[in-house]
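Below is one structure; the comments refer to it alone.
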Amino acid sequence: MTKYSFIARMPDEPGALHRAADIVKSYSGNINRIQYDRRIDPATVFFEVTATPETYVQMKEDLHAIGYLQETLPALGFLKFSLYLPHQPGSLFELLTYITGAGANIAYIDFDDRRCDPGRVTISLNIEKTAIVESLLDRLKSRYRLDIIEYDMTGEKLDDTVFYVRFAQAVRGLVGTAEDGFLLSFLHDVNHIVQELNSLGQDPKEVFESILATGRTLRNTTGDRFYADLQRIRLSDAVEVFCFQMPCGGNIFLLRAPDETVMIDTGYGIYHEDVMRMFRHYGLPNQQGIGRVYITHADADHCGAGGFSGEKVHTHAGSLAIIRQANRAYGSRSESSILEEVYTTVINLFSRFTPPENPDLFPAEMIGMRSIFPVLARVKVHDIEFEVLESLGGHLHGQVYLFCPGHGIVFTADTLINFGSLDEDRKRYNSLADFLVTSVNVDSECARRERKALLELIRDLDEELSPHGRRCLVAGGHGAVSVLNDGRLEAVGPIERYRAGGPKAD
């Protein structure tokens, strides 16, 4: 027995759902999941069933025979027009006969002969083929006085009677050419998020809009609209750190030394070309000129461009497992969470996820302890030595920190972030992920323990460095490089705004 999924598009009439369930039952199929909400789409039902491969084929054939099985996504358009009917019996019936005969589907009709313009009827149609529209309009123009109000073939004006088709067309517009089979599978995944969040009391339409807003925000911050915030801080006489805050998602850090440049985290794949142009602007090496890449964890905004770096990438075995499982909750107590698994699919799609395929892995055996964190390795960038600390898996399984007590800097990944340094656009984008997975940490209790331990490490290091007039720099996964003052992270140094057209100091 194997688990399968399909989408049924059925008439909005009594017994339709029962008829589909009867077909599944007749082939001894077991329905594992079903989701239908007429508030979203009155005709679309999502099924997951367990069946043998042979009986599933028979099931699909029977569903196809009665017109229930949705295997394609028609490129529907929208037409809204008004015309004037003669004041005589049967005139509305005659108009509807023309529309029905053309195979058009009425989504809206409005007519009342007591109004100031008696005889005026307004109609909206969902249409699949432009030839049908042209033929229908030619016929109606020859019979009635007709005004076209709206005509759109992009799918943006479709109403909610075909909500899922409209949503799929919006997704296709964000990711480019996509086959119907891929989009139908994606709809299944998205519907599962909707079902889970709906059970938690969330508005289904807000879920769909949050998903599309994620894709739109990423798309709309590339190319000429790409920007980043830059801090440059000297760590030693020979090594300088660059912190680039992306428009969306995590930071990219470069450590520039005389003999090589090292990258810590890569940002989203969708930003790769923009980032390379930005590096060239600042006289930094492009991907080929970067010596090593260290990835702190497997979220798409931290490793999603790692595949462009070839064999130079280093990360934790847990991060590689998450990448291959395509589930950000893998290896955690939340591993079975539908929200986490499907969100991974959504963000990987929209961000053009291009992770490293065969990175070098940090050793599994610890070589010491730093507070509550195992030390997995020590790595050097010129005269600066870092300890690779293994997290406890609060934010993500396999997350690591890079800690340098000698020169006073710690790369904390997503465990410590200066949220106050984020602008409103970044806060708004981050809130989308919070909404869709309810928490970006796969184990919130564990994440709190990690934050507390890191803050203690930073305070202790500050005490050691203060006689020398130095502070521990906190390089979080998002936001500005900061120092800890009275329990709060405060940004250090000037922050420069880079725009695709050139830099601009804020």
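The values are calculated or read from the model by the stated rules, or taken from the named source; none is laboratory data. Note that the structure is a prediction, hence the values are computed from the model and not measured. Glycine also receives a Cβ, built like all others from the backbone with ideal geometry; neighbour counts cover every protein chain displayed.
Is it the case that I367 is among the β-branched types (V, I, T) and closer than 24 Å to F226 by Cβ?
Details: among the β-branched types (V, I, T): yes; closer than 24 Å to F226 by Cβ: no.
Taking the combined requirement at face value, the residue does not satisfy it.
Taking F93 as the residue in question, decide whether it is closer than 18 Å to E150 by Cα and in the same structural domain as V133 (by TED's automatic domain parsing).
Working: closer than 18 Å to E150 by Cα: no; in the same structural domain as V133 (by TED's automatic domain parsing): yes.
Spelling it out, it is not the case that F93 is closer than 18 Å to E150 by Cα and in the same structural domain as V133 (by TED's automatic domain parsing).
Say whether the condition of being under 20 Å from the mean Cα position of the chain (by Cα), modelled with pLDDT of 95 or more and under 20 Å from V262 (Cα atoms) is met by at least one residue in segment 323-341.
Within segment 323-341 (the criterion being under 20 Å from the mean Cα position of the chain (by Cα), modelled with pLDDT of 95 or more and under 20 Å from V262 (Cα atoms)), the answer is no, since none of the residues qualifies.
So which of E450, E385, E445 ends up being crowded, with 21+ Cβ neighbours inside 10 Å and either modelled with pLDDT under 95 or not hydrophobic (A, V, I, L, M, F, W, C) (or both)? Quick ask: steps written out before the conclusion?
Numbers: E385 fails: crowded, with 21+ Cβ neighbours inside 10 Å; E445 fails: crowded, with 21+ Cβ neighbours inside 10 Å.
Only one candidate passes the filter, namely E450.
Can you confirm whether segment 108-120 contains a residue that is outside the structural domain of R166 (by TED's automatic domain parsing), in a strand (DSSP E or B) and touching a helix residue (DSSP H, G or I) at 6+ places or on another chain (Cβ under 7 Å)? Walk me through how you get there before you give the answer.
Keep residues of segment 108-120 that are outside the structural domain of R166 (by TED's automatic domain parsing), which gives 108-120.
Now narrow it down to the ones that are in a strand (DSSP E or B): 108-111, 120.
Now restrict to residues that are touching a helix residue (DSSP H, G or I) at 6+ places or on another chain (Cβ under 7 Å): 111.
Scanning segment 108-120, I find at least one residue that is outside the structural domain of R166 (by TED's automatic domain parsing), in a strand (DSSP E or B) and touching a helix residue (DSSP H, G or I) at 6+ places or on another chain (Cβ under 7 Å), so the answer is yes.
Quick one: would you say T177 is closer than 30 Å to P74 by Cβ, in contact (Cβ under 8 Å) with a residue 40 or more places away in the chain and either of a type in the set (S, T, N, Q) or in contact with a Gly (Cβ under 7 Å, 6 or more places away or on another chain) (or both)? Write out each step before concluding.
Details: closer than 30 Å to P74 by Cβ: yes; in contact (Cβ under 8 Å) with a residue 40 or more places away in the chain: no; either of a type in the set (S, T, N, Q) or in contact with a Gly (Cβ under 7 Å, 6 or more places away or on another chain) (or both): yes.
Answer is no for this residue.
If I ask for residues that are buried (at least 22 other Cβ atoms within 10 Å of the Cβ), in a loop (DSSP other than H, G, I, E, B) and of a type in the set (A, V, I, L, M), which ones from segment 399-433 would you list?
L416, I417
Out of L455, L461, L484, report the one residue that is under 23 Å from I264 (Cβ atoms) and crowded, with 21+ Cβ neighbours inside 10 Å. It would help to see each step written out before you state the result.
Numbers: L455 fails: crowded, with 21+ Cβ neighbours inside 10 Å; L484 fails: crowded, with 21+ Cβ neighbours inside 10 Å.
Unique residue meeting the criteria: L461.
Going by the conditions given, is F81 surrounded by 14 or more Cβ atoms within 10 Å (Cβ to Cβ), in a strand (DSSP E or B), within 34 Å of the chain's Cα centre (by Cα) and not charged (D, E, K, R)? Even if it seems obvious, please write down each step before you answer.
Working: surrounded by 14 or more Cβ atoms within 10 Å (Cβ to Cβ): yes; in a strand (DSSP E or B): yes; within 34 Å of the chain's Cα centre (by Cα): no; not charged (D, E, K, R): yes.
Criteria not met by F81.
One line per residue, one yes/no per condition, for (1) surrounded by fewer than 16 Cβ atoms within 10 Å (Cβ to Cβ); (2) in contact (Cβ under 8 Å) with a residue 40 or more places away in the chain:
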{"site": "L218", "(1), (2)": "no, yes"}
{"site": "R225", "(1), (2)": "yes, yes"}
{"site": "R232", "(1), (2)": "no, yes"}
{"site": "E240", "(1), (2)": "yes, no"}
{"site": "G249", "(1), (2)": "no, yes"}
